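The values are calculated or read from the model by the stated rules, or taken from the named source; none is laboratory data. Just so it is clear, the structure is predicted and the values come from calculations on it, not from any experiment. All Cβ positions, even for glycine, are placed from backbone atoms using ideal geometry, and neighbour counts span all protein chains on display. What goes into the accessible areas is simple: the full protein's heavy atoms, side chains included, and nothing from ligands, DNA or RNA. Shrake-Rupley method; radii C 1.70, N 1.55, O 1.52, S 1.80 Å.
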Amino acid sequence: MKHLNKWLASLAIAGVSTLAGPAFAQDKPGEELIVYTGTGIPTDFADALVEPFSKFMEEKYGVPVHVRTVPGAIPTVWAQLQTEWPNPTGDVYWLYNQNIREGIDLGYWLPLQDKFTPEEWASFDQGAMKTLNTQGYSAPMEVSAWVLAVQNTVPADAVTSMADLAKPEFAHRITFDSALSVGSGYNAIAAAAAIRGDDWHTWFKDGTFDEAAARPAFDLVATWAANALTLTQGSGSIRPLLRRGEALISAWWWHNTVEELAAGTAIHIVEPKEGVVALIQSGPVISSKTKNPIAAVEWAKFVQSPIATEIALKVGYLNKLPRTGEVASPEWQDFTSKAKFLWVDDFRDAMLDPAYNEKVLDLYNRVVIQGQ
């Protein structure tokens, strides 16, 4: 009993409170929860939460819920979810903000806000909440910032900008993600627009994508692609190229680069002088068709608790956005003191908007991939 009280007290302090809102039909959770986690650090984070969450659920409900994490590229998971609907395999999903907004209109999610007390909900960064614009179906989880991971063999002053990806001395030794494969592939287009000083808002008007206005930025990205060793498909393809020294420069998320540094890879971080492309990423959403609603809600709350924040630091999830009363990681504080952020949430939303996305990717394929 003493252990039980101590554990529940610690969770109460952490902001993991009793479920609010309408009662669920069942009074106990099911034994298994399926969580789609994306890729990279969020999956490591979710995996590290499995055991403490199971203990928490056993203490609170008498059921040691087992979480089965399912990693995978978010565009693939989103397509799978749409195909499977209304019988999705997952209970909880980590997705792009645009996917979440689209899913709200389709009835895919359970609301999250009413599962928190007003005080708990107010502890989330309200600026980030406004940027998410997910209507209370999710809460902000992290800031994702895109930097250049550069081999230490490259002179310190040789790389200062994304534009340096076109330098002849780096021919076929640079990488960045393809927009045809992963959402981070749009970052290069945003960076190119920033370098050129283009107003990307003019590209998207009344459901029409202005190819002529966007073309110069896509042409700049094409010069980087022509100089690339390969266009990558996320961390799984970036990491080995850096470790083997085949890529001298890789555009990559800051948190993944820090993790790679900790693993001993001889690289350093360059914050592009035109600005570090950055965006707010949502935390998980709960499927409205979940077969385990009590556990799904508890999981969505647990990942936002101070207990989870402590675990996040241990697994290198250093860019997790702190709530009121929490402190960001020392690494993140140091990085943000130097970097000039180029917020691209609206840009990313426009690129992924179904009204424009097909035409965006068609232009990308023709200009960046095929070199037309």
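Which residues, counting only those in region 200-257, are surrounded by 18 or more Cβ atoms within 10 Å (Cβ to Cβ) and assigned to a strand (DSSP E or B)? Answer for region 200-257, where residues must be surrounded by 18 or more Cβ atoms within 10 Å (Cβ to Cβ) and assigned to a strand (DSSP E or B): Phe204, Phe209, Ala228, Leu231, Thr232, Ile249, Ser250, Ala251, Trp252, Trp253. Looking across region 125-156 at every residue that is touching a Gly at 6+ places or on another chain (Cβ under 9 Å) and assigned to a strand (DSSP E or B), the one that is nearest to Tyr317 (Cα to Cα) is identified as Glu142.
Could you list, in sequence order, the residues of region 295-328 that are open to solvent by 10 Å² or more (accessible area, probe 1.4 Å) and of a type in the set (A, V, I, L, M, F, W, C)? Residues satisfying the conditions are Ile307, Ile311, Leu313, Val315, Leu318, Leu321, Val327, Ala328. Check Arg348, Arg366, Arg323 and return the single one that is free of Cβ contacts under 8 Å to residues at least 12 places away in the same chain and either within 22 Å of Ser184 (Cβ to Cβ) or out of contact with any helix residue (DSSP H, G or I) (no Cβ under 7 Å at 6 or more places or on another chain) (or both). Criteria check complete, one pass: Arg366.
Considered as a group, the residues in region 92-124 that are in contact with a Gly (Cβ under 9 Å, 6 or more places away or on another chain) and polar (S, T, N, Q) include one that is nearest to Ser144 (Cα to Cα), and that residue is Gln98.
Across region 258-279, which residue is surrounded by the most Cβ atoms within 10 Å (Cβ to Cβ) among those that are among the β-branched types (Val, Ile, Thr) and at pLDDT 95 or above? Top of the filtered list is Val277. Note on region 67-100: residues that are in a helix (DSSP H, G or I), touching a Phe, Trp or Tyr at 6+ places or on another chain (Cβ under 9 Å) and under 25 Å from Thr324 (Cα atoms) amount to 1. Ala122 fulfils the conditions (1) aliphatic (A, V, I, L, M); (2) open to solvent by 40 Å² or more (accessible area, probe 1.4 Å); (3) free of Cβ contacts under 8 Å to residues at least 60 places away in the same chain except for a single criterion, (3).
Taking region 278-320 as the range and being over 14 Å from the mean Cα position of the chain (by Cα), in a loop (DSSP other than H, G, I, E, B) and of a type in the set (S, T, N, Q) as the test, the residues that pass are Ser288, Thr290, Asn292, Gln304, Ser305. When region 337-348 is filtered for residues that are over 12 Å from Val277 (Cα atoms) and either modelled with pLDDT under 90 or hydrophobic (A, V, I, L, M, F, W, C) (or both), only Lys338 remains. The listed residues are Ile195, Ile189, and the only one of them that is in contact (Cβ under 8 Å) with a residue 40 or more places away in the chain, in a helix (DSSP H, G or I), open to solvent by 20 Å² or more (accessible area, probe 1.4 Å) and not charged (D, E, K, R) turns out to be Ile195. Got a sec? Which of Arg244, Arg215 is among the basic types (Lys, Arg), farther than 24 Å from Trp332 by Cβ, touching a Leu at 6+ places or on another chain (Cβ under 8 Å) and at pLDDT 95 or above? The unique qualifying residue is Arg215.
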